[in-house]
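Visitor: The structure follows.
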Amino acid sequence: MNSHPHAGALAQPAPAAPSMPGTTPADPALEGIYRRIGWRLMPILLLAQVLAYLDRVNIGTAKLQMAADLSLSATAYGLGAGIFFLGYFIFEVPSNMLLHRLGARTWIARIMVSWGLLSAAMGWVQSTTGFYVLRFLLGVAEAGFFPGVVLYLTYWFPAHRRGRMTTLFMSATAVAGIVGGPLSGWILAAFDGHLGHAGWRWMFALEGLPSALVGVLAFFLLPSRPRDVRWLDTDALARLEADLAQAAPPQARVHRAADILNGTVLLFALIYFLLLAGLYGVSFWLPSVIRAAGIASTVTVGWLSAVPYAAAMVAMNLVARQADRRRNWGTLVGTSALVAGVGFCVSALMVDQLVPAMAALTIASAGILSALPLFWNLPTARLDGMAAAAGIGFINAIGNLSGFVSPFAIGWLTDKTHTATAGVGLLGASAMLAGALTLMYGRQTRRH
C-alpha cells in the first residue's frame, strides 16, 4: 500500500491547527451565502437523520413487547440488534464511493427509500431468523447515509464552519432520542391489539414508511454540488468556491482511495468504534435499564428515555460552538469522551437506582454526543477527493461495527450476570479509552 507517492502522507502527524481563529473580519456577503446554504440543505438533512436514527434504534423500545412474542433471550436480542451493522459494514465504503460518483441527491434518496421500506417490513417478522435477516438487510440499505452526509457537508462548508454543521446534523440523533422514545412507547401502548396486531408491529410500520417518503423529497430538494443550484448567482458561487479553497488546511492531504489504509486512519477508526459503542449502548439498552429500575409503563419508559437526549442536544451544540471558535476539536472530543466514560461508570454502580442512574446516563449521553460530530473534523482535514469518500466510509464502517459488538456484549454479560452493571461498565471503559487516544493524538500533532 505504501508504493504510491501519497501513501505515507498520513503517517506523519499534521501540523496543529491554530488554537484561535484568525483576526480577518467577517465578510457579510459570505456570511449570507453560508446562511442561505444552511437553510436550504440542513432542514431536509436533519429530518432524514431523525428518521434514520429512529428506524435504527427503535428496536430498543420494541424489545419491551417483541422479546416475549418472538421468545428472544437477551443474547438473541443483542445479536439481532447488532447484526444490522454487519450489513452496514460490508456495503459502507462502496456506498460512499457511489455517492461521490453518482451525486448526493440520487444516492441519499435511494438509501432512504430502501431503508424505510425494510424498516416497515420489520412489523411482519414472525421468527428469530426473520428478525436477524431483516436487521441485516436494513444495515445493507442504510450503508453510506451518515458518512455520505459528512462527505456532502465538505462540499459546502469549510472546516471552521463544518463543526457546527456536523453537530447540527447530529443533533437530529438527539431529537430522535427525545421524540422517538415517547412516540415509540405511545405506539406500543395505543396500538397494541389494534386489528389483531401487537403494538411493536404497528410501531415499525408507522415509523418506517415516512423515511421512504422523505427519501422521495430528498431527490427533489438536495443539490449534489454548489454548481448544481440556481439559488446561488455567479458572484456568490465564485465567493463560495474561493472561500472553500482558501480554508483548506495547509498540511499534506491524501487524494487517492488506495492510500487511505495507514496508521492514522486506523487510529481514527478505532476511536470512532469506541465512541459509537457508548452511543449504541445507550440507544439499545436505556429502555431496559429504566424498566429494570422498576418502571412498568411503556409510555413512562419512553418519556424517561428522552431525558438524556434532551440534555445532550443542548450540550453538544454549546461544545461545537466553542470548538469552532477555538478550533481545538481534538481536545474537546477527548475531554467529552472522558466525561462520558465517568458517567457510564457511575451509572453502572447504580443501575438499580433510577434517579442516580438516569443522571449519570444523561452525563454519559451528553459527553458521547458532544464528541461524535466534532470527531469528524479530524479525518476530513486529512482526506480529499475519492480518498475522502473511501476514508470516511472506511472509518464509519469500522466504527459502526461497535453497533454489532456493543449490544451483543451487553446482552451476553446481562445473561451471565443477571444485571446490566458489567455491560454499562464496559461502555464506560470504551469511552475513556477513546478519550485518552484522542488526547494522545492531539498532543502528538502539536509537537510537530
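Visitor: Are there any chymotrypsin sites (Phe, Trp or Tyr not before Pro) in region 283-379 that are in a DSSP loop and have at most 14 other Cβ atoms within 10 Å? List them by number.
Guide: The qualifying sites: there are none.
Visitor: At R0 = 35 Å, how high is the FRET efficiency between residue 416 and residue 297 if r is their beta carbon distance? Nearest 0.05 is fine.
Guide: 0.75
Visitor: Looking at region 169-253, which chymotrypsin sites (Phe, Trp or Tyr not before Pro) are DSSP coil and have at most 11 other C-beta atoms within 10 Å of their C-beta?
Guide: Answer in residue order: 231.
Visitor: Rg and Dmax of region 32-446 over Cα atoms: what are they, in angstrom?
Guide: 20.4, 65
Visitor: Once the Cα atoms of region 179-228 are picked out, what are the Rg and Dmax in Å?
Guide: Using the Cα atoms of region 179-228, the pair Rg, Dmax is 16.1, 52 Å.
Visitor: Where in the chain are the DSSP H helices whose C-alpha atoms run 30 Å or more along the long axis and whose mean Kyte hydropathy is at least -0.5?
Guide: Those that pass (Cα extent of 30 Å or more, hydropathy at least -0.5) are 28-57, 74-102, 159-190, 199-221, 263-292, 298-326, 329-349, 354-375, 421-446.
Visitor: If exposed means no more than 15 neighbouring beta carbons inside 10 Å and the site is in a DSSP loop, what's the longest run of the chain without any exposed trypsin sites (Lys or Arg not before Pro)?
Guide: Segment 1-229 is the longest.
Visitor: Continuing with this model, one more query. Could you give the Stokes-Einstein D for region 259-340 in µm² per second, using the C-alpha Kirkwood radius, 25 °C, 0.890 mPa s?
Guide: D = 162 µm²/s.
Visitor: Normalised by the number of residues in the chain, what is the relative contact order in percent for Cα pairs under 8 Å and 6+ residues apart?
Guide: Dividing the mean separation by the residue count of the chain yields 28 percent.
Visitor: With +1 on the Cβ of every Lys and Arg and -1 on the Cβ of every Asp and Glu, and nothing else charged, how large is the dipole of the chain about its Cα centre, in debye rounded to the nearest 20?
Guide: For this selection, approximately 820 debye.
Visitor: With the dipole of the chain worked out from charges on the C-beta (+1 for Lys and Arg, -1 for Asp and Glu) around the Cα centre, which of 67, 39, 187 lies farthest toward the positive end?
Guide: The residue sitting farthest along the positive end of the dipole is 39.
Visitor: Another one. Regarding region 81-182, what are the three Cα extents along the principal axes, ordered largest first, in Å?
Guide: Rounded to whole Å, the extents work out to 49, 35, 20 Å.
Visitor: Sticking with this structure for a sec: Along the Cα→Cβ direction, 7 angstrom out, place labels at residue 219 and residue 242. What is the inter-label distance in nm?
Guide: With each label point 7 Å from Cα toward Cβ, the separation is 3.9 nm.
Visitor: Still on this structure, I have one more. Counting each DSSP H run of 4 or more residues in the chain as -39500 (n - 2.57), what helix-only mean residue ellipticity at 222 nm follows after dividing by all residues, to the nearest 500 deg cm²/dmol?
Guide: -26500 deg cm²/dmol
The numbers here are math on the coordinates, done by the rules we state, and not lab data. What you see is a predicted model, and the numbers here were worked out from it, not measured in a lab. Here the Cβ is made from the backbone with ideal geometry for all residues, glycine too, and neighbour counts use every protein chain on show.
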